[in-house]
Amino acid sequence: MTSKPEIAKAADPAKDSVEKSPATEAPDTTKAEPQRLTFTSDKGASRSTWVAALLVVLIVGWMGSGFIIPSKETDPVIKREEPKPVAVAVATSVAETVTQFYQAEGQALPDRDTTMRAETSGNIAEVLVRKGLDVSAGDIIARFDPTNNKADANRAAEALAQAQREFDNAEQLLERGVATTDRVVQARAALASAQAQVTAAEQAAEALTITATFDGRIETLNLDEGEFVSAGTEVGRLVDITPLTVAIQVPQQSLTRLSVGQTATVRFITGEERAGVVTFMGTSAASETRTFLAEIEVENEDGAIPAGISAEVIIPTGEVTAHFVSPSIVSLDAQGALGIKTVNADNVVEFYEIEVVKAQIDGIWVTGLPESVDIITVGQGFVNEAETVAPMTEEQNQ
């Protein structure tokens, strides 16, 4: 028979579990095995999980409602504006006729330059000129002592007279039949030899005088009175600088631009400027430089321009239609070609390759552009070919 306390204990298992928990019941040291803890589920605790899940569903549905049901008021779509054309300054250029020139550096040379030499040997009897003096053709420069030559001339003259007498006698005897033909031949040979000696003496007498071969200036003179000079010795230099000859070297690619008879302007390093004429064009190039020699004759009657100085030669070679532009507007395309950017009637950038035909201090003349064209003068570095721009004149840009 079960007692009441035991029935009550069995009817309330939760209370029993609490009473047996380690926190309320004192540990029984007599028991060897530990007791297993058991837990029972609380049905009311699951309500919070359902409430949280419901809230999540509501929030997600509220956030997604904007995609499914768009709001009446939507933000305006911002559209990107097209970029405005780049503003550039342009200037209208009209082609003009310009003269092309070939320009080269050269050297002024004397028209004639010769070395004077002694034609015979002997002592100098007198010197009639000095260095730096202008002389004419045939003027006497110096004379040798004629003593020896006079003796030789007298001896030759006596020998000639004797040979002439012997020849005359041989002919007379031959006519009489006394002499033979061989004697006449020998006399004639002796006469010819005597005549040659006389001629040599006369030529030696002429060689005793040193004369100027052409009009010019005595550039050097190495003679003193009483000095002995051997035949062939250089005694001086005669130079003719009226006119002057300016020599230049012409590269092979420019040879066809020059010809004999063309006029030229020659500017000397001394500041003098003279007109000249092309008098010579070489037909054989120098092996070292592959250039051709050209000579320009310049009048120098007063002798004011000396030989040997540097000169600049400018030769007109023809006319061409070109534009005058500033070097600052010249640019390069993607291939490295030299050209200028322009604007056409549709405000589109165009690129024209150019060739420089003449250069000046304030600008250059170029070909390759249309006869009339609007050239971009400011802003060409910010635009490319085929790009639309907003052109303005230089006055509007200012």
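The values are calculated or read from the model by the stated rules, or taken from the named source; none is laboratory data. Worth saying up front: this structure is predicted, and the values here are computed from it rather than measured. All Cβ positions, glycine included, derive from the backbone under ideal geometry; neighbour counts span all protein chains shown. Ligands, DNA and RNA are excluded from the accessible area calculation, which covers all protein heavy atoms including side chains. Shrake-Rupley method; radii C 1.70, N 1.55, O 1.52, S 1.80 Å.
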Checklist (1) under 28 Å from the mean Cα position of the chain (by Cα); (2) under 21 Å from residue 89 (Cα atoms) applied to residue 350, failing item:
(1)
What about residue 264, is it open to solvent by less than 10 Å² (accessible area, probe 1.4 Å) and either of a type in the set (A, V, I, L, M) or assigned to a loop (DSSP other than H, G, I, E, B) (or both)?
yes
For residue 235, only one of the following conditions fails: (1) open to solvent by 20 Å² or more (accessible area, probe 1.4 Å); (2) touching a Lys or Arg at 6+ places or on another chain (Cβ under 7 Å). What is its number?
(1)
Filter result (among the polar types (S, T, N, Q) and touching a residue at least 12 places away in the same chain (Cβ under 8 Å)) within region 106-161
107, 114, 115, 120, 121, 123, 136, 148, 149
Candidate set: region 155-181, residues that are open to solvent by 100 Å² or more (accessible area, probe 1.4 Å) and modelled with pLDDT of 85 or more; chosen: the one farthest from residue 122 (Cα to Cα):
165
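Let's see how each residue does on (1) within 30 Å of residue 313 (Cα to Cα); (2) assigned to a strand (DSSP E or B); (3) aliphatic (A, V, I, L, M):
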residue: 106; (1), (2), (3): yes, yes, no
residue: 115; (1), (2), (3): yes, yes, no
residue: 119; (1), (2), (3): no, no, no
residue: 124; (1), (2), (3): no, yes, yes
residue: 130; (1), (2), (3): no, no, no
residue: 138; (1), (2), (3): no, no, no
residue: 141; (1), (2), (3): no, yes, yes
residue: 148; (1), (2), (3): no, no, no
residue: 151; (1), (2), (3): no, no, yes
Could you list, in sequence order, all residues of region 133-149 that are at negative phi and of a type outside the set (Val, Ile, Thr)?
133, 134, 136, 137, 139, 142, 143, 144, 145, 146, 148, 149
Can you confirm whether residue 337 is open to solvent by 80 Å² or more (accessible area, probe 1.4 Å), among the aliphatic types (A, V, I, L, M) and at pLDDT below 95?
no
Identify the residue in region 238-259 that is within 24 Å of residue 217 (Cα to Cα) and under 23 Å from the mean Cα position of the chain (by Cα) and, among all such residues, is most open to solvent (accessible area, probe 1.4 Å).
247
Positions within region 182-219 being open to solvent by less than 50 Å² (accessible area, probe 1.4 Å) and part of a strand (DSSP E or B), in sequence order:
209, 210, 216, 218
Among the strands (runs of 3 or more DSSP E) confined wholly to region 300-398, which include 1 or more residues that are under 24 Å from residue 105 (Cβ atoms) and either in contact (Cβ under 8 Å) with a residue 24 or more places away in the chain or among the aliphatic types (A, V, I, L, M) (or both)?
310-325, 355-359, 364-367
Which residues, taken from region 220-231, are part of a loop (DSSP other than H, G, I, E, B) and surrounded by 13 or more Cβ atoms within 10 Å (Cβ to Cβ)?
222, 223, 227
For region 275-297, does any single residue satisfy the condition of being touching a residue at least 12 places away in the same chain (Cβ under 8 Å), over 25 Å from residue 238 (Cα atoms), in a loop (DSSP other than H, G, I, E, B) and among the charged types (D, E, K, R)?
yes
Residue count for region 340-376, restricted to those that are among the small types (Gly, Ala, Ser) and open to solvent by 60 Å² or more (accessible area, probe 1.4 Å)
3
Any residue at all in region 251-266 that is closer than 30 Å to residue 121 by Cβ and modelled with pLDDT of 90 or more?
no
